[in-house]
Amino acid sequence: MIRLGKREVLIETRLGVGGRVAALATNLIVLVFLSALIAGCGKSSTPGASEVKKIIRPRISQYGEILEIRKMNGEKFEIQGQKVYRLYYRAAAKFGKGWYWRTDDANLGWVHSTKISRNSKPLTGFGVSSDIKAIPEKSTYVEKGSIVFKMTDNGWVKAEESIEQFGFCPDKMPDQCYKSLKWEKE
């Protein structure tokens, strides 16, 4: 019944009971489809935090308990028609026992390598030197870097990974460690 001014008008449909159920079912299907379509629009069309975690977690979990893995930023671009996405991240873990900070110089300082290792033995040979320091247990390991993804028929696929900076801080949580290493927070 619809009210138009002072008059009420009764509008009847000629669908019958079966027709009303079919119309209701059709409207319900359209509503569900539109809801799914709207919900799908909210999904990111670029790699996100879950992709970062899948890639970074196996590598930094070797050091000990993971404290954080966080997507910091990202940029989308094309290279010769190939869709590419560079995702910036930072990660932190709490060191277990038995890790060393190694700086190896070879060829009288021309080749320089810093890494984290379980190997405490220095390199030997002419023009080779090693500076090895034990990392205190429960120190915080931090790194920041980027992961480049490319768009394929199967979605975004990792193309390259780069650790831009890494370090450690005894007795500090990740945010304090980033500040003490004078890293810019992105």
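The values are calculated or read from the model by the stated rules, or taken from the named source; none is laboratory data. Keep in mind the model is a prediction, meaning the values are calculated, not measured. Virtual Cβ from ideal backbone geometry, glycine too; neighbours counted across all protein chains shown.
Which condition number does W183 fail, the rest of (1) assigned to a strand (DSSP E or B); (2) in contact (Cβ under 8 Å) with a residue 24 or more places away in the chain being met?
Against the list (1) assigned to a strand (DSSP E or B); (2) in contact (Cβ under 8 Å) with a residue 24 or more places away in the chain, W183 comes up short only on (1).
Output the residues belonging to region 51-67 that are among the small types (G, A, S) and in contact with a Lys or Arg (Cβ under 9 Å, 6 or more places away or on another chain).
G64
Considering only region 130-166, how many residues are touching a Phe, Trp or Tyr at 6+ places or on another chain (Cβ under 8 Å) and in a strand (DSSP E or B)?
The qualifying residues number 21.
Which is farther than 23 Å from S113 by Cβ, over 20 Å from the mean Cα position of the chain (by Cα) and modelled with pLDDT under 95, of D131, D175, D153?
Answer to the selection: D153.
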